[in-house]
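Chemist: The structure's right below; bear with me while I get my questions together.
The values are calculated or read from the model by the stated rules, or taken from the named source; none is laboratory data. Just so you know, these numbers come straight off a predicted model, no measurement behind them. No Cβ is skipped: glycine too gets one built from the backbone with ideal geometry, and neighbour counts run over all protein chains shown. When the accessible area is computed, the model is the full protein with side chains, heavy atoms only, and any ligands, DNA or RNA have been set aside. Shrake-Rupley method; radii C 1.70, N 1.55, O 1.52, S 1.80 Å.
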Amino acid sequence: MKILVADDDRISRLLMERTLQRSGFEVTTVANGRQAARELSKADGPRLALINWMMPGLDGPGLCREVRSRRDAPYVYIVLLSARELTEDVVAGLEAGADDYLTKPCRPAELTARLHAGRRILELEDKLVEAREAMRFKATHDALTSIWDRGAILSLLRGALHRSACENFPVSVLLCDVDHFKKINDVHGHLAGDEVLQQVSSRLVGAVRSTDSVGRYGGEEFLVVLSGCSRGRLQGVAEGIRRAIGSVPFATTSGDIAVSLSAGAIAIDVWDESTPIEQILDQVDGALYRAKRSGRDRVVYAESMVCA
């Protein structure tokens, strides 16, 4: 694990560096508080920090307060070093944001033991963050395809429409359906059907930009939200999505399966917030129905655009 040593005394820094390297740490040293703050603000910066109280530029307690003021940054475990032994000094250091406090000169064995305790706390915190993110992912993503679920994609659509209304920003929406999906299940089995849905999801995500959103709307239906996509661009994007699905057969455990996609599409130049979102969904659903009735494997565009 990386550790930062911040001390304005060169000899102290060198001794700390050698001690910590023998204990298996990857050590970075700096001579003042401002340099320490820059190192700790880096995306891949140290998560452990050994900070001297008295330093030029920014002292140890000031550095602790600055690190703790950052939001949404990985937690840094800080050990504050000082020659001050009074209880009120220890309290002041801890209240500034330090996790631990050692008086100088400190014994190497005690120092490394406390740092290893800090590392265990950081590892536990990382596991808690991973568990929280996993729960958040499950709450917003479809279990089979790992793309946005119905609730999440509708929420993203509402957000894109709100931006359209506020910033005069175009939005396009596609409702896509896998053609003859029931036949795929009946002929090749539900396992192959699941594999097709997973691969359709991957191809849809790959066919749009990272700023766009793809979600499973239900069954074999997928909702695609294209932010910033005007009616002039919609046809090219929609046809590209359709070709991405139908151009190459899907490899499944039951063999290769040819799959095609039908879609209803609509472009919104500027969203009128007084118009309900259901109106968009009704229009793309109607266009999708016409695509199915017209022979499938095609995109049909809603006859009217929803504008302010």
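Chemist: Hey, does region 185-192 have a residue that's surrounded by 13 or more Cβ atoms within 10 Å (Cβ to Cβ), within 20 Å of the chain's Cα centre (by Cα) and not in a helix (DSSP H, G or I)?
Modeler: Within region 185-192, the subset surrounded by 13 or more Cβ atoms within 10 Å (Cβ to Cβ) is 185, 188-189, 192.
After this cut, where a residue has to be within 20 Å of the chain's Cα centre (by Cα) as well, the list is none.
No, because not a single residue in region 185-192 is surrounded by 13 or more Cβ atoms within 10 Å (Cβ to Cβ), within 20 Å of the chain's Cα centre (by Cα) and not in a helix (DSSP H, G or I).
Chemist: Every residue in region 162-181 that is in contact (Cβ under 8 Å) with a residue 24 or more places away in the chain, over 13 Å from residue 212 (Cα atoms) and outside any strand (DSSP E or B), please. Spell out how you get there, then give the answer.
Modeler: Here is the first cut: in region 162-181, the residues in contact (Cβ under 8 Å) with a residue 24 or more places away in the chain are 162-165, 168-181.
Checking the rest, the ones that are also over 13 Å from residue 212 (Cα atoms) come to 162-165, 168-169, 175-181.
Across region 162-181, the qualifying residues are 162, 163, 164, 165, 168, 169, 179, 180, 181.
Chemist: Could you list, ordered by first residue, the pairs with Cβ atoms under 6 Å in which the first is in region 191-206 and among the basic types (Lys, Arg) and the second is modelled with pLDDT of 95 or more and open to solvent by less than 70 Å² (accessible area, probe 1.4 Å), at least 6 apart or interchain?
Modeler: So the pair list comes out as 203/244; 203/245.
Chemist: For the subset of region 81-97 comprising residues that are closer than 19 Å to residue 13 by Cα and not hydroxyl-bearing (Ser, Thr, Tyr), which member is surrounded by the fewest Cβ atoms within 10 Å (Cβ to Cβ)?
Modeler: At the first step, the residues of region 81-97 found to be closer than 19 Å to residue 13 by Cα are 81-84.
From what is left, the residues that are not hydroxyl-bearing (Ser, Thr, Tyr) are 81, 83-84.
Numbers: 81: 26, 83: 11, 84: 17.
In this case the residue turns out to be 83.
Chemist: Test of understanding: among 58, 48, which residue is touching a residue at least 40 places away in the same chain (Cβ under 8 Å), of a type outside the set (Lys, Arg) and surrounded by 17 or more Cβ atoms within 10 Å (Cβ to Cβ)?
Modeler: On the way: 58 fails: touching a residue at least 40 places away in the same chain (Cβ under 8 Å).
Going through 58, 48 in turn, the sole match is 48.
Chemist: Go through region 1-19 and count every residue that is modelled with pLDDT of 90 or more and open to solvent by less than 30 Å² (accessible area, probe 1.4 Å).
Modeler: Matching residues across region 1-19 total 5.
Chemist: Across region 231-279, what is the total count of residues that are free of Cβ contacts under 8 Å to residues at least 40 places away in the same chain, surrounded by 14 or more Cβ atoms within 10 Å (Cβ to Cβ) and in contact with a strand residue (DSSP E or B) (Cβ under 7 Å, 6 or more places away or on another chain)?
Modeler: So the count comes out to 0.
Chemist: Condition test on residue 178, is it open to solvent by less than 40 Å² (accessible area, probe 1.4 Å), modelled with pLDDT of 95 or more and within 24 Å of the chain's Cα centre (by Cα)? If you could, list the steps in order and put the result at the bottom.
Modeler: Details: open to solvent by less than 40 Å² (accessible area, probe 1.4 Å): yes; modelled with pLDDT of 95 or more: yes; within 24 Å of the chain's Cα centre (by Cα): no.
Spelling it out, it is not the case that residue 178 is open to solvent by less than 40 Å² (accessible area, probe 1.4 Å), modelled with pLDDT of 95 or more and within 24 Å of the chain's Cα centre (by Cα).
Chemist: Any idea which of 287, 265, 302 is of a type in the set (A, V, I, L, M, F, W, C) and under 29 Å from the mean Cα position of the chain (by Cα)?
Modeler: On the way: 287 fails: under 29 Å from the mean Cα position of the chain (by Cα); 302 fails: under 29 Å from the mean Cα position of the chain (by Cα).
After ruling out the rest, the residue left standing is 265.
Chemist: Is region 135-153 home to any residue that is free of Cβ contacts under 8 Å to residues at least 24 places away in the same chain, over 17 Å from the mean Cα position of the chain (by Cα) and open to solvent by 60 Å² or more (accessible area, probe 1.4 Å)?
Modeler: Applying the first criterion (free of Cβ contacts under 8 Å to residues at least 24 places away in the same chain) to region 135-153 yields 135-141, 143, 151.
Checking the rest, the ones that are also over 17 Å from the mean Cα position of the chain (by Cα) come to 143, 151.
Add one more test, that the residue is open to solvent by 60 Å² or more (accessible area, probe 1.4 Å), and what stays is 143.
Yes, there is a match, as at least one residue in region 135-153 is free of Cβ contacts under 8 Å to residues at least 24 places away in the same chain, over 17 Å from the mean Cα position of the chain (by Cα) and open to solvent by 60 Å² or more (accessible area, probe 1.4 Å).
Chemist: Of all residues being closer than 16 Å to residue 223 by Cβ and assigned to a loop (DSSP other than H, G, I, E, B) in region 277-308, which is modelled with the highest pLDDT? Just the residue, please.
Modeler: 302
Chemist: Looking at 167, 130 in this structure, which one is over 30 Å from residue 24 (Cα atoms) and among the acidic types (Asp, Glu)? Steps first, answer last, please.
Modeler: Values: 130 fails: over 30 Å from residue 24 (Cα atoms).
On inspection, the qualifying residue turns out to be 167.
Chemist: Now for a different question. Which of (1) surrounded by fewer than 16 Cβ atoms within 10 Å (Cβ to Cβ); (2) among the acidic types (Asp, Glu); (3) touching a Phe, Trp or Tyr at 6+ places or on another chain (Cβ under 7 Å) does residue 126 not meet, given it meets every other one?
Modeler: (3)
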